[in-house]
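Okay, structure first, notes after.
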Amino acid sequence: MQQTILITGATAGFGEACARSLAREGNRLVLSGRRIDRLERIQAELQKKCPVHILQLDVRDRNSVETKITSLPSPFNTIDVLINNAGLALGLEPAHRADLGEWETMVDTNIKGLMTVTRVLLTGMVARNRGHIVNLGSIAGTFPYPGGNVYGATKAFVEQFSRNLRADLLGTNVRVTVIEPGLARTEFSMVRFKGDQTKADAVYRGCKPLVAEDIAAIVSWVIAVPEHVNINVVEVMPTCQAWGPLAVHKEPS
Ligand code: NDP
Ligand code: 8X3
């Protein structure tokens, strides 16, 4: 069945891979992100397969999100599925050396941006008694790691917000899913390390991380299950990743 699907952060990584797979499946797409050149390139490619509307959008700009999403042209204005994917990590410094501005950017994007897009689209979904919100959390929201400080905390928000949405939406047919990937090779580390290719490459060296297409396949699956089935949480890691022991600091004897 053709659905109208809005993806935030469709210009790279998971969002772009979702756009490609959902286009192959014959849906109608609204692709958003800040980089208009990339949106235009992806639209030119994918509109051979399905209808594609592009929306230059910074999810941190509440007014712009409200205005642009509520004035989408027909038939792109009835969103069945929202993929809340736009997000980023900045830096890997310990909290006492981290940049406060970078913390704010992560909160504004990963928490407030996701919250705004969700709120704007929820009204219509509930009125139609139909819809699905798919949020991109992270294993960083569950498992702490050094330097994960605010990034991990924003993803903990995404998980609990997703669960609380389910509680509020009980009695409607609006579904909510949070997908929590581990190590995945996208532009994520290039963004985290501000374009330092050497540092970004080191994150993935010697192992086989997830790729964006792995996450896109999971997104397609959670959307495709019958409407009476709600996948609440999907936690997924590459096989090469698992938990380590708790750390114990010991003074030299
Ligand atoms: P990428 O950096 O490859 O893609 C991030 C996307 O988010 C881009 O399309 C970017 O578009 C968009 N974006 C960033 N900031 C904004 C903004 N202010 N407004 C609108 N769009 C924005 O990263 P991933 O694909 O890896 O990440 C996607 C999501 O998955 C994120 O939420 C991330 O936290 C999460 N995640 C990633 C993991 C990984 O290891 N890769 C693991 C677990 C979760 P543009 O710059 O054009 O605006
Ligand atoms: C991205 C996964 O472990 O790099 O959310 O934080 S991790």
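Every residue in the stretch 188-199 that is part of a loop (DSSP other than H, G, I, E, B) and either surrounded by fewer than 16 Cβ atoms within 10 Å (Cβ to Cβ) or among the aliphatic types (A, V, I, L, M) (or both), please.
Correct list: LYS194, GLY195, ASP196.
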Residues (of a type in the set (Phe, Trp, Tyr) and either near ligand 1 (Cβ under 7 Å from one of its atoms) or over 25 Å from ALA156 (Cβ atoms) (or both)) located in the stretch 171-229: PHE188
Wholly within the stretch 5-114, which strands (runs of 3 or more DSSP E) include no fewer than the required count, namely at least 2 residues that are under 14 Å from the mean Cα position of the chain (by Cα) and in contact (Cβ under 8 Å) with a residue 24 or more places away in the chain? 28-33, 81-84
Matching residues in the stretch 189-201 (away from ligand 2 (no atom under 13 Å from the Cβ) and of a type in the set (Val, Ile, Thr)) number 1
Quick one: how many residues across the stretch 202-234 are surrounded by 13 or more Cβ atoms within 10 Å (Cβ to Cβ), within 14 Å of ligand 2 (Cβ to nearest atom) and of a type outside the set (A, V, I, L, M)? 3
Just one of (1) in contact (Cβ under 8 Å) with a residue 12 or more places away in the chain; (2) over 16 Å from ALA89 (Cβ atoms) trips up THR198, so point out which. (1)
Those residues that are small (Gly, Ala, Ser) and either out of contact with any strand residue (DSSP E or B) (no Cβ under 8 Å at 6 or more places or on another chain) or more than 8 Å from ligand 1 (Cβ to nearest atom) (or both), I need them from the stretch 18-45; list them, please. ALA19, SER21, ALA23, GLY26, ALA44
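For the stretch 217-239, does any single residue satisfy the condition of being over 26 Å from ARG24 (Cα atoms), modelled with pLDDT of 95 or more and of a type outside the set (A, V, I, L, M, F, W, C)?
From the stretch 217-239, those over 26 Å from ARG24 (Cα atoms) are 239; that's our starting set.
Now narrow it down to the ones that are modelled with pLDDT of 95 or more: 239.
From the residues that got through so far, the ones that are of a type outside the set (A, V, I, L, M, F, W, C) too are 239.
Among the residues of the stretch 217-239, at least one is over 26 Å from ARG24 (Cα atoms), modelled with pLDDT of 95 or more and of a type outside the set (A, V, I, L, M, F, W, C), which makes the answer yes.
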Over the stretch 147-186, the set of residues under 20 Å from THR105 (Cβ atoms) and within 12 Å of ligand 2 (Cβ to nearest atom) is GLY147, GLY148, ASN149, VAL150, TYR151, GLY152, ALA153, THR154, LYS155, ALA156, VAL158, THR186
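The values are calculated or read from the model by the stated rules, or taken from the named source; none is laboratory data. Remember, predicted model here, so these are calculated numbers, not experimental data. Here Cβ is always computed from backbone atoms with ideal geometry, including for glycine, and neighbour counts include all displayed protein chains.
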